[in-house]
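The values are calculated or read from the model by the stated rules, or taken from the named source; none is laboratory data. Please read all numbers here as calculations on a predicted model, not as lab measurements. Cβ placement follows ideal geometry from the backbone for every residue including glycine, while neighbour counts extend to all protein chains displayed. These area figures cover heavy atoms from the full protein model, side chains too; ligands, DNA and RNA do not enter into them. Shrake-Rupley method; radii C 1.70, N 1.55, O 1.52, S 1.80 Å.
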Amino acid sequence: MIKRIAHIAIAVRDLEAASKFFEEKLGLRRHAVEVLEEEKVKIAFFPVGDSEVELIEGIGPDNPVAKFLEKRGEGIHHIALEVENLQGQLDLLASAAVPLLDRSPRDGGQGTNVAFLHPKGTHGVLIELVEVLPSRESLNPEP
């Protein structure tokens, strides 16, 4: 079951320049920056209501964001939907022949597990399913 839109991720070439725009021009407050070495990305998080805007920048050679930027330029990379029981959702989608990029959950950072659905099965949209782990649910967001 989908609970909410967890975040909208935007691929950017320069995380600091993009963060400055979101802070100074849109008035959003960046509450965290995280590097996911295994995914070769650096992410800045901007809360907006019950959701977030995430800016993602590739790090190191051969990162997935660089490939995206080369093909499409800066812009929306994916939409993340929060779900309960991520593995159960993946099993259900696989049994319905939805193409999956991940057959099992992986670490998404900030106390989440994630898995991606292939855009060829989702009308061209890269969709990330996010499960908030119990340890994160008990955390209070920063003021």
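Of the listed residues 62, 50, the order by accessible area with a 1.4 Å probe, largest first, is 62, 50. If you work out semi-axes √(5λ) of the Cα gyration tensor in Å from the coordinates, which of (1) 24, 19, 13; (2) 26, 16, 15; (3) 38, 23, 16 do you get? Read-out taken from this structure: (1). Ordering of 52-58, 114-120, 31-37 by packing is 52-58, 114-120, 31-37, highest average first (other Cβ atoms within 10 Å, averaged per residue). Residues whose amide H falls under 5 Å from that of residue 130, counting only those 5 or more places apart or on a different chain, are 81, 82, 83, with hydrogens built in the peptide plane. Fully extending the segment from residue 36 to residue 122, taken as 0.36 nm per residue of separation minus the present Cα-Cα distance, adds 28.4 nm. Dividing the helix sum by the residues of the chain, where each DSSP H run of 4 or more adds -39500 (n - 2.57), gives a mean residue ellipticity at 222 nm of -6500 deg cm²/dmol.
Accessible area per residue, 1.4 Å probe, Å², for region 1-70: what's the number?
Working: 4010 Å² over 70 residues.
The answer is 57 Å² per residue.
Taken as Cα centroids, region 1-36 and region 68-132 sit 18 Å apart, rounded to the nearest whole angstrom. Sorting 18-30, 1-13 by average packing, meaning the other beta carbons within 10 Å per residue, from highest down gives 1-13, 18-30.
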